[in-house]
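Q: Dropping a structure here in structure tokens format, bear with me for questions.
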Amino acid sequence: MILKKADKYDEIVVNEDFVALELGGHKGIIKKVEEYTSPVSHNTSLKVEVDTDKDDKQPNYYQEQFDNNTNSNKKWSTGATKYVSLKEDENCIKMLKAFITAVENSNPNFTYDWSKDTDQLNGKKVGLVFGLEEYEDNEGKLKTATKLTQFRSLDKVDNVKIPKVKLLDGTFVDYETYKKGDNATSPFDSLVETDDDPSTFIL
């Protein structure tokens, strides 16, 4: 078989020094917050893009990924993008309050001003918790992606427990159990990043 060389083959940069983001707690910083309306459900959320902070154990992790991405249509990692629902049911209000409270607790003398734009959140520090989520790739193979699952106050991230792994069927299993391979379909070594749905936000 003779391979056909793709038109953009020479332009693609392969990163052989990729280091996965450690699961669990990180010191984070909010890069951008904007209103987002789903084209499918038409529900409105806060789209929150974050990065690990400069004093985190893996500083500026997603910014470096973005800067090193040579794709013309590159965008901020979905693994570091979360959606906080603005629906007015009790659970959604709870998630929004948890997010705002985590930011307020992480930034001395900051109180969210409800009379001003959400731009006031840009550049603010916040605790981040990352976990694993299963998904199927384009070939139907089961893999896992590193996802931002929770916002926390900064003083609570150092000893935070790694979240349960979200399985493809929507259920959850303890990380240590998943890591041991007790889950029959565990693709633990296939760590990548992909699109995700809104998840939970707790303090």
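Every number here is computed from the coordinates shown, using simple stated rules; none is lab data. Keep in mind it's a predicted model, so treat the numbers as computed, not measured. Positions of Cβ are generated from backbone atoms using ideal geometry, with glycine treated the same way; all protein chains shown enter the neighbour counts.
Q: What ranking do 33-39, 69-75 get when scored by the average of other Cβ atoms within 10 Å per residue, highest first?
A: 33-39, 69-75
Q: If I model a spin label at D158 and Y36 as a point 7 Å from the Cα along the Cα→Cβ vector, what separation in nanometres do I get?
A: Calculated label separation equals 3.2 nm.
Q: How do L132, L86 line up, fewest other C-beta atoms within 10 Å first?
A: L86, L132
Q: Tell me the relative contact order for segment 39-167 as a rounded percent, counting alpha carbon contacts under 8 Å between residues six or more apart.
A: Relative contact order for segment 39-167 comes out at 21 percent.
Q: Regarding segment 1-128, what's the average projected area of the Cα-atom convex hull, expressed in nm²?
A: With every direction weighted equally, the projected area is 11.8 nm².
Q: Quick one: go through segment 22-58 and flag any residue whose amide nitrogen is under 13 Å from the point 7 Å out along the Cα-to-Cβ line of L86.
A: 33-38, 42-48
Q: Above 22 angstrom, tally the Cα pairs of segment 76-156 and express them as a % of all pairs, no decimals.
A: I get 36 percent for the Cα pairs in segment 76-156 exceeding 22 Å.
Q: Multiplying the sequence separation of D117 and K5 by 0.36 nm and subtracting their Cα-Cα distance, what value in nm do you get?
A: Between D117 and K5, full extension yields an extra 35.4 nm.
Q: So, one more: Sort 153-163, 106-116 by packing, meaning the average of other beta carbons within 10 Å per residue, with the highest value first.
A: The densest-packed peptide leads the list: 153-163, 106-116.
Q: Taking the alpha-carbon distance from K94 and a cut-off under 22 Å, which lysines remain once sequence neighbours fewer than 8 residues away in the same chain are dropped?
A: Leaving aside lysines fewer than 8 places away in the same chain, those within reach of K94 are K32, K47, K82, K116, K124, K125, K147, K156, K161, K164, K166.
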